Amino acid sequence: MTPYDVALLILRLVLGLTLAAHGLNKFFGGGRIPGTARWFESIGMKPGKFHAAVAATTETAAGLGLAAGLLTPIPAAGFVSLMLVAAWTVHRANGFFIVKEGWEYNLVLAVTAVVVATLGPGKLSLDYLIFGRDLWLKDWEGLLLSVGLGLAGALGQLLIFYRPPAKQAS
């Protein structure tokens with residue numbers, strides 16, 4: 001075990017558990033799935049209940065998968081897809097900075113997940129435990145898989161389901 005492996009573990013845990021917390025909050029916090037569904041409907045993601053359930057499940061699974069270092073490029077792709085959809089549907093019109101509800105946070109989460117997929121999860125991961133070494137999907141393969149699947153998932157979801165709400169006249 002090296003400082004590199006410990007640093008990857010810390011990064012995976014913080015990043016993954018942060019996203020998993022967002023998913024669990026959709027299930028168990030505030031408005032739960034019905035409240036999240038109403039919010040999804042209000043931003044143009046219909047049907048809202050379907051998207052609330054998919055977002056909550058994907059955030060939880062991708063977050064826990066990345067935290068554990070299990071098939072790392074796959075949960076990283078989940079991060080990319082989730083953050084692209086969130087940035088496009090919710091934060092795009094607000095500019096870059098998070099203090100104005102911009103897409104800065106989405107960018108940081110997605111890119112950091114891609115970096116982990118590119119480097120591999122390290123020796124303190126389920127990939128290493130199960131496969132006896134870092135999962136072979138790292139380096140260029142991890143980068144391409146996480147970005148490619150993430151982009152495909154986000155674009156598919158936006159093209160099929162996103163219908164921006166009509167602007168109200170001032």
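Can you figure out the FRET efficiency of residue 27 with residue 126, using R₀ = 22 Å and their beta-carbon distance, to the nearest 0.05? Please report the intermediate quantities before stating the final value.
Details: r = 23 Å, r/R0 = 1.06.
So, using R0 = 22 Å, E works out to roughly 0.40.
In the Gaussian network model of the chain, springs joining C-alpha atoms below 10 Å, which of 113, 77, 52 carries the largest mean-square fluctuation?
Among 113, 77, 52, the largest mean-square fluctuation in the Gaussian network model of the chain belongs to 52.
Where does each of 100, 26, 123 land when they are ordered by accessible area, with a 1.4 Å probe and the largest first? Walk me through the numbers on the way to the answer.
On the way: 100 145, 26 35, 123 95 Å².
Putting 100, 26, 123 in descending order of accessible area: 100, 123, 26.
Among 1, 83, what's the order by accessible area (1.4 angstrom probe), most exposed first?
Most to least solvent-accessible, the answer reads 1, 83.
Just from its helices, what would the mean residue ellipticity at 222 nm be for the chain, if runs of 4 or more DSSP H residues each count -39500 (n - 2.57) and the sum is divided by every residue, rounded to the nearest 500 deg cm²/dmol?
Details: 7 runs with 117 residues, N = 170.
Roughly -23000 deg cm²/dmol at 222 nm, from the helical runs in the chain.
Just how much of residue 14 is accessible, in Å², when a 1.4 Å probe is used and the result is rounded to the nearest 10?
Surface accessible to solvent at residue 14 totals approximately 90 Å².
Can you give me the relative contact order of the chain as a percent, contacts being Cα pairs under 8 Å and 6 or more apart? Show your work: numbers first, answer last.
Working: 291 pairs, mean separation 44.4, N = 170.
Relative CO of the chain lands at 26 percent.
Check every DSSP H run in the chain and write down those whose alpha carbon atoms cover 20 angstrom or more along the long axis and whose mean Kyte-Doolittle hydropathy is 0.5 or greater.
Working: long enough: 3-28 (36 Å, 1.20); 48-68 (29 Å, 0.72); 104-119 (22 Å, 1.76); 139-161 (33 Å, 1.36).
Passing helices, by number: 3-28, 48-68, 104-119, 139-161.
Starting from the range 1-75, pick out the chymotrypsin sites (Phe, Trp or Tyr not before Pro) whose DSSP state is loop and whose Cβ has at most 10 other Cβ atoms within 10 Å. Kindly include the intermediate steps, with their values, before the conclusion.
Details: sites: 4, 27, 28, 39, 40, 50; in loops: none.
Sites meeting the loop and neighbour criteria: none at all.
Using θ = phi - 60° and the Karplus relation 6.51 cos²θ - 1.76 cosθ + 1.60, list the HN-Hα couplings for the range 124-130 in order, rounded to whole Hz, with x at every Gly or Pro.
Residue by residue, the range 124-130 yields 9, 8, 5, 4, 5, 5, 6 Hz.
GNM on the chain, C-alpha springs below 10 Å: top fluctuator among 42, 146, 125?
Sorting by GNM fluctuation, first place goes to 42.
When only C-alpha pairs under 8 Å and at least 6 residues apart count, what is the relative contact order of the range 1-54, in percent? Working shown, then result.
Numbers: 33 pairs, mean separation 11.9, N = 54.
Value for the range 1-54: 22 percent.
Say we join alpha carbon atoms closer than 10 Å with springs in a Gaussian network model of the chain; which of 78, 63, 31 then has the biggest fluctuation?
Of the options given, 31 has the highest mean-square fluctuation.
Take residue 152 and residue 2, extend 7 Å from each Cα along the Cα→Cβ direction, and tell me the distance between the two endpoints in nm.
It works out to 3.2 nm between the two label points.
Which GluC sites (Glu not before Pro) from the range 67-170 combine a DSSP loop assignment with at most 16 other Cβ atoms within 10 Å?
Numbers: sites: 101, 104, 141; in loops: 101.
Answer by residue number: 101.
For the range 72-125, which chymotrypsin sites (Phe, Trp or Tyr not before Pro) are in a loop by DSSP, counting at most 14 other Cβ atoms within 10 Å? Please list the in-between numbers first.
Numbers: sites: 79, 88, 96, 97, 103, 105; in loops: 96, 97, 103.
Filter output for the range 72-125: 96, 97.
The values are calculated or read from the model by the stated rules, or taken from the named source; none is laboratory data. Computed from a predicted structure; not experimentally measured. Counting neighbours? That spans all protein chains shown, and the Cβs are built from the backbone with ideal geometry, glycine included. Protein only, heavy atoms only, side chains kept; ligands, DNA and RNA dropped before computing areas. Shrake-Rupley method; radii C 1.70, N 1.55, O 1.52, S 1.80 Å.
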